[in-house]
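Since the structure comes first, as structure tokens, the remarks are kept for the end.
Please treat every number below as a calculation from the coordinates, not as lab data. Bear in mind that the values here come from a model prediction, so they are computed numbers and not experimental data. Cβ atoms come from the backbone with ideal geometry, glycine included; neighbour counts cover every protein chain shown.
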Amino acid sequence: MVRKIISCGSAYTHLKTKNLSFGYLNMDPFNIKILIKDQPLTLTILPVDKELFKVVYFGSILGAVRKETNGAAWRGVPAEELTAGDLPFHQKDESNDNPNLELDAKTIEQIGQAIETELTNDLAS
């Protein structure tokens with residue numbers, strides 16, 4: 001068991017995660033940046049397996065993205081289909097300053113592309 005501290009926007013989340021390994025690829029949690037309304041937003045990605053990645057938004061599980069088996073597209077997995085583990089599920093809160101984030105098709109594709117970029121960079125280093 002590995003204990004990590006991962007920055008997710010302005011929140012810090014203490015995560016207890018298993019060190020997931022798929023062949024030569026070590027799958028630790030990692031951060032990505034996407035654009036929402038032309039503003040950069042940092043998300044933490046928790047790999048579940050080689051195709052499923054939970055999306056952490058301000059310390060809670062927003063949902064997940066899954067690479068289709070044909071490898072061509074990403075699709076969203078709603079929070080209701082996941083187990084949260086150590087983190088709560090994301091609750092919309094109109095009263096705070098955090099932008100509301102939905103896993104719509106555009107956002108899912110951005111997240112998927114950022115995951116692919118991160119994994120490609122890991123392989124290159």
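By how many nm would the segment from N70 to N31 grow when fully extended, if each residue of separation counts as 0.36 nm and the alpha-carbon distance is taken off?
This chain segment gains 11.5 nm when fully extended.
Label points 7 Å out from Cα along the Cβ direction at E80 and D104: separation in nm?
About 2.0 nm, to one decimal.
Give me the extension gain from D38 to E118: residue separation times 0.36 nm, minus the current Cα-Cα distance, reported in nm with one decimal.
26.7 nm
Can you work out the Karplus-derived ³J(HN,Hα) for every residue in the stretch 107-113? Use 6.51 cos²θ - 1.76 cosθ + 1.60 with θ = phi - 60°, whole Hz, and x for glycine or proline.
Result, rounded to whole Hz: 5, 4, 5, 4, 4, x, 5.
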